[in-house]
Amino acid sequence: MTLILTRSEVLAMISLPEVITAVRAAHTELARGQAVLPAPPAMRLPGSDATFLAMAASSRAAGLAAVKLLADIPANRDLGLPAQRSAILTLATADGACEALIDGAAVTRLRTAAASAVATAALARPDSRVLGLIGAGALAHTHLEALRAVHRFDRVLVWSRSAATARAFAEVTGAHTAESAEQVVREADVLCTLTPSKTPVVQGAWFRDGLHVNAVGAPPRPDHREIDTEGIRRARVVVDSRLTAGHESGDVLIPLAEGAIEAGHFADEIGEVLIGTKPGRSGPAQITLYNSLGVGLQDLAVARLLIDAARARGMGTEIDLAR
């Protein structure tokens, strides 16, 4: 039987702390060679700005192979629709049975914030006290909750291109609004960039010593980036996946093409830092940057949580695809 899980069922069944634990374990498994994570093929239709990515992974520990088919369609915004939509399909590695079909939107938001929390715990200075957010949408709300689960912040500073959105975020969360992106960057100890930007919204000249950055918002397109070349050059960059970053991350591919960095500048994966085969922060003055594209293994880890929770609670809809 195949389990069907809707977005509301996903949100009803899991919490960020358990997603953080699952994402951390998934990256550890990858670093130890116990999971498979190929680079996602990007399918771009001629004459269209739409991109479709097949984000695949398999995991021995989870007993699953999974693919999330992600549609990135910028024109949807003009129609009042989400720019990104996705669905996750999982198969059992033991016998190939179709285990589940899961709406991808909530899973993506939760695992993205969880990955930033994992990276922050591993790379940020322990004495970091100011959290800065560039962007104030749904991803900012989830990031604030996730980062507060792994670190204590005394102050949260937020900026958005929409002042109304930033004010609404501040009213709900108690954050302080900033006059500019530059103010957020200059005052933050930990910075999360959460915008679907094609051109940089953050300049490396604004980075101060000891900053940790989670570069999260740019879609997986080689011509989109949130951080300028100087920011990438100045930072010690850690990626979720070398293969994915080398195919789809404008944040690193553009500086690479400009000759500002070499491929070794983004050679370290977060899982390798977690298991100690690659170093973490070298000292309090180092600038660290987690380049987060999001990977299929993170989706798979959350899918495993959801399948187990749904069957334990009798939630979701079971169908027989073989009938």
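Starting from the amide H of Y290, placed 1.01 Å from N in the peptide plane, find each other amide H under 5 Å away whose residue is 5 or more places distant or on another chain.
Answer set, sorted by chain and number: V213, N214, A215, V238.
7 Å from Cα along Cα→Cβ at both I319 and E182: what's the point-to-point distance in nm?
5.4
For A285 and T165, calculate 0.36 nm times their separation in residues minus their Cα-Cα distance, and state this gained length in nm to one decimal.
39.9 nm
Can you give me the angle between helix 296-313 and the longest principal axis of the chain, using Cα atoms only, in degrees from 0 to 90, rounded to the nearest 10?
Value to nearest ten degrees: 50.
Output wanted: per-residue J couplings in Hz (rounded whole) for the range 80-91, from phi through Karplus 6.51 cos²θ - 1.76 cosθ + 1.60, θ = phi - 60°, x for Gly and Pro.
x, 10, x, 5, 10, 9, 7, 9, 10, 10, 10, 10
FRET efficiency for Q34 and A205, Cβ-Cβ distance as r, R0 = 51 Å, nearest 0.05?
0.80
Per-residue HN-Hα couplings for the range 316-323, Karplus 6.51 cos²θ - 1.76 cosθ + 1.60 at θ = phi - 60°, whole Hz, x for Gly and Pro?
So the J values, rounded to whole Hz, are x, 10, 9, 10, 9, 5, 8, 5.
Okay, helix-only estimate at 222 nm for the chain: each DSSP H run of n ≥ 4 adds -39500 (n - 2.57), divide by all residues, round to 500 deg cm²/dmol; what do you get?
-11000 deg cm²/dmol
Output the 0 to 90 degree angle, nearest 10, between the alpha-carbon long axis of helix 138-150 and the longest principal axis computed from the alpha carbons of the chain.
Roughly 80 degrees between the two axes.
Please compute the per residue accessible area over the range 12-70 with all protein chains in place, 1.4 Å probe, rounded to a whole number of Å².
Accessible surface, normalised per residue, equals 45 Å².
Share of the chain's accessible area from carbon and sulfur, percent, 1.4 Å?
Carbon-and-sulfur percentage of accessible area, whole number: 54.
Provide the net charge surrounding G246, with neighbours chosen by a C-beta distance below 14 Å and charges set as Lys +1, Arg +1, Asp -1, Glu -1.
In short, -4.
Amide H to amide H under 5 Å from V158: which residues, 5+ apart in sequence or cross-chain, H placed 1.01 Å off N in plane?
Hits under the 5 Å cutoff: L133, H176, T177, A178.
I need to check one value: relative contact order of the range 238-323, counting alpha carbon pairs closer than 8 Å and at least 6 residues apart, in percent.
35
Rounded if a/c is under 1.5, else prolate if a/b is larger than b/c, else oblate: which is the range 48-150, with a ≥ b ≥ c the root eigenvalues of its Cα gyration tensor?
Cα axes put the range 48-150 in the oblate bin.
What are the ³J(HN,Hα) values, in whole Hz, obtained from phi via the Karplus relation 6.51 cos²θ - 1.76 cosθ + 1.60 with θ = phi - 60°, for each residue of the range 96-102 in sequence order, with x given for Gly and Pro?
Result, rounded to whole Hz: x, 5, 6, 7, 7, 10, 10.
The values are calculated or read from the model by the stated rules, or taken from the named source; none is laboratory data. Note that the structure is a prediction, hence the values are computed from the model and not measured. Neighbour counts run over all protein chains shown; Cβ positions are idealised from the backbone, glycine included. Heads up: the accessible areas ignore ligands, DNA and RNA and are worked out on the full protein's heavy atoms, side chains in. Shrake-Rupley method; radii C 1.70, N 1.55, O 1.52, S 1.80 Å.
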